[in-house]
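The structure appears right after this line, and notes come after that.
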Amino acid sequence: MRTLQVELGERSYPIYIGSSLLQKIGELTLQHGVSTQSPHLIVTDDRVAPHYLHLVEKKMAEAGFKTVSHIVPAGESSKSLAMFEQVMTTAIQAKLDRSSAVFALGGGVVGDLAGFVAASYMRGVTFVQIPTTILAHDSSVGGKVAVNHPLAKNMIGAFHQPVMVLYDVDTLTSLPAREVSSGLSEMLKHGLILDEAFAYWCRDHASDLLALDSEALAYGLERGCAIKAKVVSQDEREGGLRAILNLGHTIGHAIEAVGGYGRFLHGEAISIGMAGSALLAEALGRGTNLFSTTREMLSAFQLPVVLPSDISVDELMDAMQHDKKFTKGRMVFIVPEQIGKVSIVHDVPVETVRSVVEQLKKEG
Ligand code: NAD
Ligand code: GLY
């Protein structure tokens with residue numbers, strides 16, 4: 001087991017990464033001071049539950065914990081206010097109290113939803129992340145928790161840090177191939193924003209990563225988590241630097257919203273968004289050859305880089321203007337300067353973004 005630390009003063013917490021870690025969930029939860037007197041809630045989804053819920057419940061019971069489980073339907077559409085209310089109902093019926101904890105067993109959808117429940121229940125209870133997707137090496141770290149509004153992604157949420165992240169990489173072996181690619185999009189993002197060598201390492205090891213080679217995966221996940229932890233430690237609530245983690249996300253979130261939160265996986269939408277950011281960099285005269293290099297890297301992971309022709313540019317532009325990063329006719333974009341280095345650009349004209357989006361439909 002490897003341990004990385006997210007340094008946030010009194011809210012610091014470890015990320016445990018390794019094999020067979022679900023077996024240790026009970027003892028690690030005890031070590032983190034969670035009460036055996038209060039009931040606890042495990043949130044998961046209906047694709048993860050058949051694989052791992054029983055083991056987690058069993059290990060928790062063996063360590064003396066009482067738990068109740070809530071299983072949501074798999075997929076982005078569960079990140080909704082309606083589902084939030086249903087999970088809250090389970091928490092209230094199970095009589096969770098201020099010493100209770102909420103455990104998120106699953107990918108980013110379960111993590112974001114359960115985390116928002118943990119942040120809101122009695123104004124905040126203990127939260128534990130148990131990520132089971134590659135993408136969740138990103139989403140389980142950093143304390144952003146949220147549900148979607150039909151008009152805009154992640155619009156209703158909070159910052160609520162977990163007390164630990166327990167990342168059992170053995171769970172990744174049951175991931176469908178499309179989810180593997182989607183998760184690797186965020187891994188590559190960590191290289192594209194801050195670590196040129198890591199971005200090229202990802203590209204060069206794409207086939208090993210896609211095949212879930214354990215050595216490649218261990219290095220990639222650790223490096224990705226370490227980059228995320230470093231950024232979050234410096235700027236927990238996105239006063240500045242943390243925004244770089246949003247590379248590709250303004251266009252990507254709009255693609256997810258226009259696709260009805262189901263057509264595109266998060267990592268796929270972000271992939272098209274990162275290709276768009278590279279085009280934007282070139283349109284703003286901030287870099288050359290960025291688009292071709294970025295596209296080559298994303299394609300190595302079998303990720304999409306082109307907007308399907310039936311997606312309406314008008315609808316996409318509308319969705320982007322609901323984004324948290326839009327103010328007074330100008331947009332804030334994370335723009336690459338080179339591979340491994342990005343800038344936060346605060347005054348990108350809407351027309352330039354529109355022309356990039358139009359180009360994204362044509363590039364193939
Ligand atoms: P997800 O949670 O929907 O999981 C992907 C799919 O894989 C689901 O169908 C799930 O049931 C299934 N699955 C999960 N683990 C499995 C396993 N081990 N074996 C078999 N199937 C498994 O999606 P995701 O890609 O993990 O996360 C995407 C979400 O994360 C988006 O909502 C995105 O906005 C959010 N996100 C949040 C942050 C953050 O900082 N909070 C950062 C990045 C992304
Ligand atoms: N995914 C963006 C962030 O964690 O800040």
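Does ALA218 meet the test of being touching a residue at least 60 places away in the same chain (Cβ under 8 Å), in a helix (DSSP H, G or I) and more than 13 Å from ligand 2 (Cβ to nearest atom)? Yes.
Restricting to region 105-125, give me the number of residues that are surrounded by 15 or more Cβ atoms within 10 Å (Cβ to Cβ) and in a helix (DSSP H, G or I). Let's see the steps before the verdict.
Looking only at region 105-125, we keep the residues that are surrounded by 15 or more Cβ atoms within 10 Å (Cβ to Cβ), and these are 105-121, 125.
Now narrow it down to the ones that are in a helix (DSSP H, G or I): 108-121.
Qualifying residue count for the region: 14.
Just to be sure before I move on: is GLY287 under 23 Å from VAL345 (Cα atoms) and more than 15 Å from ligand 1 (Cβ to nearest atom) in the structure I sent? Walk me through how you get there before you give the answer.
Numbers: under 23 Å from VAL345 (Cα atoms): yes; more than 15 Å from ligand 1 (Cβ to nearest atom): yes.
When the stated conditions are applied, GLY287 passes them.
Evaluate the following for LEU241: is it aliphatic (A, V, I, L, M), touching a helix residue (DSSP H, G or I) at 6+ places or on another chain (Cβ under 6 Å), without any contact (Cβ under 8 Å) to a residue 60 or more places away in the chain and surrounded by fewer than 24 Cβ atoms within 10 Å (Cβ to Cβ)? Yes, satisfied.
In summary, helices (runs of 4 or more DSSP H) completely within region 135-211 and bearing 1 or more residues that are within 16 Å of ligand 2 (Cβ to nearest atom) occur at 136-139, 177-194.
Give ILE130, ILE134 a once-over and let me know the one that is buried (at least 23 other Cβ atoms within 10 Å of the Cβ), under 15 Å from ALA49 (Cβ atoms) and in contact with a Leu (Cβ under 7 Å, 6 or more places away or on another chain). Can you show your working first?
Numbers: ILE134 fails: under 15 Å from ALA49 (Cβ atoms).
When all the criteria are applied, what remains is ILE130.
All of GLU296, GLU256 fail the test of being in contact (Cβ under 8 Å) with a residue 60 or more places away in the chain, among the acidic types (Asp, Glu) and buried (at least 20 other Cβ atoms within 10 Å of the Cβ), apart from GLU256.
Within region 228-265, being charged (D, E, K, R), within 10 Å of ligand 2 (Cβ to nearest atom) and assigned to a helix (DSSP H, G or I) holds for LYS228, ARG242. Given the structure, is LEU184 in contact with a strand residue (DSSP E or B) (Cβ under 9 Å, 6 or more places away or on another chain) and hydrophobic (A, V, I, L, M, F, W, C)? Considered against the rule, which asks whether it is in contact with a strand residue (DSSP E or B) (Cβ under 9 Å, 6 or more places away or on another chain) and hydrophobic (A, V, I, L, M, F, W, C), LEU184 comes out as no. Based on what the data block shows, is GLU337 of a type outside the set (Lys, Arg) and open to solvent by 70 Å² or more (accessible area, probe 1.4 Å)? So GLU337 fails the test.
The values are calculated or read from the model by the stated rules, or taken from the named source; none is laboratory data. The model shown is predicted, which means the values in this text are computed figures rather than measured ones. For neighbour counting, all protein chains shown are included, and Cβ atoms are generated from backbone atoms with ideal geometry for every residue, glycine included. Please note that ligands, DNA and RNA were not included when accessible areas were found on the heavy atoms of the full protein model with its side chains. Shrake-Rupley method; radii C 1.70, N 1.55, O 1.52, S 1.80 Å.
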